[in-house]
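What follows is a short report on a single structure.
The values are calculated or read from the model by the stated rules, or taken from the named source; none is laboratory data. Owing to the predicted nature of the structure, the values given are computational and were not obtained by experimental measurement. When we count neighbours, we look across all protein chains shown, and the Cβ atoms used for this are built from the backbone with ideal geometry, even at glycine. For accessibility, only protein heavy atoms count, side chains too; no ligands or nucleic acids. Shrake-Rupley method; radii C 1.70, N 1.55, O 1.52, S 1.80 Å.
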Amino acid sequence: MDLAERYQVKYITVNPGASLSVQMHHHRSEHWIIITGTALVRKGEEEFMLSENQSVFIPVGTIHALANPGKIPLELIEVQSGSYFGEDDIVRFEDKYGRC
């Protein structure tokens, strides 16, 4: 959606029953804002649910994951801030798509 020197904004859709990999970043933090649906969030050792108009901040270096346990698509805005946004800054620990 938008990219500048110190931030990047993405629109993400996670289908029902789908999930993103368990990962962390060395150079960026993330702020997830839920637009529609329900998100199961893993942030460090915590696991909790978020719904429409709720958000979570993921600091640099924090292991995190996102899943859609609901019956409708999960839509969210992800605001990344930091010094680098390249795909090689994604350290994956678990990934059902074989990207570890």
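Pairs are defined by a Cβ separation below 7 Å, a sequence spacing of at least 6 or placement on different chains, a first member in the range 49-60 that is on the phi > 0 side of the Ramachandran plot, and a second member that is not polar (S, T, N, Q); the pairs so defined are Asn53/Ile34.
Taking each residue of the range 87-100 that is modelled with pLDDT of 85 or more and open to solvent by less than 100 Å² (accessible area, probe 1.4 Å) and looking for partners that are part of a loop (DSSP other than H, G, I, E, B) and among the small types (Gly, Ala, Ser) with beta-carbon atoms closer than 8 Å, six or more apart or interchain, yields Ile90/Ser21; Arg92/Ser21. Just so you know, in the range 38-60 the residues that are open to solvent by 20 Å² or more (accessible area, probe 1.4 Å) and either under 13 Å from Gln80 (Cα atoms) or modelled with pLDDT under 95 (or both) include one that is nearest to the chain's Cα centre (by Cα), and it is Phe57. Scanning the range 1-18 for residues being part of a strand (DSSP E or B), under 12 Å from Gln80 (Cβ atoms) and touching a strand residue (DSSP E or B) at 6+ places or on another chain (Cβ under 6 Å) gives a total of 6. Within the range 3-37, restricting attention to residues that are open to solvent by 70 Å² or more (accessible area, probe 1.4 Å) and out of contact with any Asp or Glu (no Cβ under 9 Å at 6 or more places or on another chain), which residue is farthest from Ser51 (Cα to Cα)? Filtering the range 3-37 for residues that are open to solvent by 70 Å² or more (accessible area, probe 1.4 Å) and out of contact with any Asp or Glu (no Cβ under 9 Å at 6 or more places or on another chain), the one farthest from Ser51 (Cα to Cα) comes out as Glu5.
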